[in-house]
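Take a look at the structure below.
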Amino acid sequence: LNGNKSIFLEDEKRRYAKPNPHGLIRVMKCMGFNDHIIYCGDSIEDSIMAKRAEREINLTKRKKGERTKVFFCGVYGCSTNQQELIKKFKDKNADFIIKSINNLPNVLNKV
């Protein structure tokens, strides 16, 4: 496990709590700002954070014309109200919505 590519919110200042994209942007920088990133989360705050990270990264891109797309994958399987969370993910335009993170490889293989 690479410590630079892992962020634990408990170790961060309160102002960096979700949906602040600070932690996600820090990890993206360590990974070299790939053109396409998939962020999986189980809350609306995760969805908001992914969109904010994409916006902030693209405002500060190194070269003109470079863009990073942060795809958000909503995971609803652990929710006590799965149908409501699915609806919220749809309302926030999640790129993917899956029941379990274990389904992600199958979804990606079909894309």
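If only residues of region 40-63 that are surrounded by 21 or more Cβ atoms within 10 Å (Cβ to Cβ) and of a type outside the set (Gly, Ala, Ser) are counted, the one that is farthest from residue 18 (Cα to Cα) is 57. Restricting attention to region 18-39 and to residues that are modelled with pLDDT under 80 and open to solvent by less than 60 Å² (accessible area, probe 1.4 Å), the residue that is farthest from the chain's Cα centre (by Cα) turns out to be 32. A count restricted to region 94-108 and to residues that are in contact (Cβ under 8 Å) with a residue 60 or more places away in the chain, closer than 16 Å to residue 47 by Cα and open to solvent by less than 50 Å² (accessible area, probe 1.4 Å) stands at 0. Of the residues making up region 13-53, those that are outside any loop (DSSP other than H, G, I, E, B) and either in contact (Cβ under 8 Å) with a residue 24 or more places away in the chain or under 27 Å from residue 83 (Cβ atoms) (or both) number 20.
Taking region 77-93, which residues are within 25 Å of residue 25 (Cβ to Cβ) and either touching a helix residue (DSSP H, G or I) at 6+ places or on another chain (Cβ under 6 Å) or open to solvent by 60 Å² or more (accessible area, probe 1.4 Å) (or both)? 88, 91, 92, 93, listed by residue number.
With respect to the conditions (1) open to solvent by less than 60 Å² (accessible area, probe 1.4 Å); (2) part of a helix (DSSP H, G or I); (3) of a type in the set (Asp, Glu), residue 66 lacks only one, and its number is (2). With respect to residue 65, determine if the residue is among the small types (Gly, Ala, Ser), free of Cβ contacts under 8 Å to residues at least 12 places away in the same chain and more than 22 Å from residue 102 (Cβ to Cβ). Yes, satisfied.
The values are calculated or read from the model by the stated rules, or taken from the named source; none is laboratory data. Predicted, not measured: the structure shown is a model, and the values here were computed from it. We place every Cβ from the backbone using ideal geometry, glycine too, and count neighbours over all the protein chains shown. Accessible surface is based on the protein model in full, side chains and every heavy atom, while ligands, DNA and RNA are left aside. Shrake-Rupley method; radii C 1.70, N 1.55, O 1.52, S 1.80 Å.
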